[in-house]
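The numbers here are math on the coordinates, done by the rules we state, and not lab data. Predicted model, so just to flag it, every value in this text is computed and none were measured. Cβ: placed from backbone, ideal geometry, glycine included. Neighbour counts: every protein chain shown.
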Amino acid sequence: GGALGWCNVSPGRWASEEVRGMFHAYAARRDAEIAARQAEGKARARRETERRVANMGEWVRRLQGAVAEAFAEGIAGDVAQLRAGRSVGGLCAKWAPTGGNSFDAHTGVVDAVVGLLEGRGLLATGGREPRTRYQQVLASLRRAAGVPESACAGGRWGAVDYSRMSGGCRRVYGEGLYRRHDRERYDEYLAACREAAARGDRGGPKVHTGGVLPHDITAAAERGEAAADLQWHALVRGVAEARGAG
């Protein structure tokens, strides 16, 4: 917090109002120095990203541009759907690059997407940084699409749509996060998946296995995770179907 947030001591505890004023002035200076160091750190990181992007080969820059254009187009389409009151798929928002990670630091792809969205007039900032507004747009699209991860930040576990949970999300966060906070609904969904699998109901509830490899599932089974058998069944079925289609 600011200067008053951590030194708001009752006046009766100060030797004098002069001492109190001096201390608050010191606290304000300290907070300003910390903010300046943080801003400089962000600026250094941004300059380093710009340097790395500038040193990319031409084909890498073209790839970055193509990726950014694909995400910007998908996000713009979802925003239009949301504004029109229609349902939102949310895949672009779910997988869109976010700042603050090594991938963005090495590629600068977030700035590329942000620049394209700004050009489309989709990031009216209202005084906020464009990257901050970009994160807010992604969050609103993820909520509208029912992306499970969007419910975590606000602790809205009852709002999680487990039919939308990707295989990778379930593998990493299923037991340790979602089931820990929402055991009854999590287990109910898995039970419904087992019933559908037993009936051979291809259109019923199911667990997704995209991005999950066999050794991931066997490791989950060894840990006793509830969804492991369902993921294995779905993986085997998917491989069999792909082989038949080939």
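Structure notes:
- Calculated FRET efficiency for the pair GLU222/ALA124, C-beta based, R₀ 51 Å, to 0.05: 0.50
- Relative contact order for the stretch 165-245, counting Cα pairs under 8 Å that sit 6 or more residues apart, in percent: 33 percent
- Averaged over residues, the count of other Cβ atoms within 10 Å places the peptides 136-144, 36-44, 151-159 in the sequence 136-144, 151-159, 36-44, highest first.
- Binning all Cα-Cα separations of the stretch 186-246 at 10 Å, short to long from zero, yields these whole-percent fractions: 22, 52, 24, 2.
- Ranked ILE217, ILE34, criterion: other C-beta atoms within 10 Å, fewest first: ILE34, ILE217
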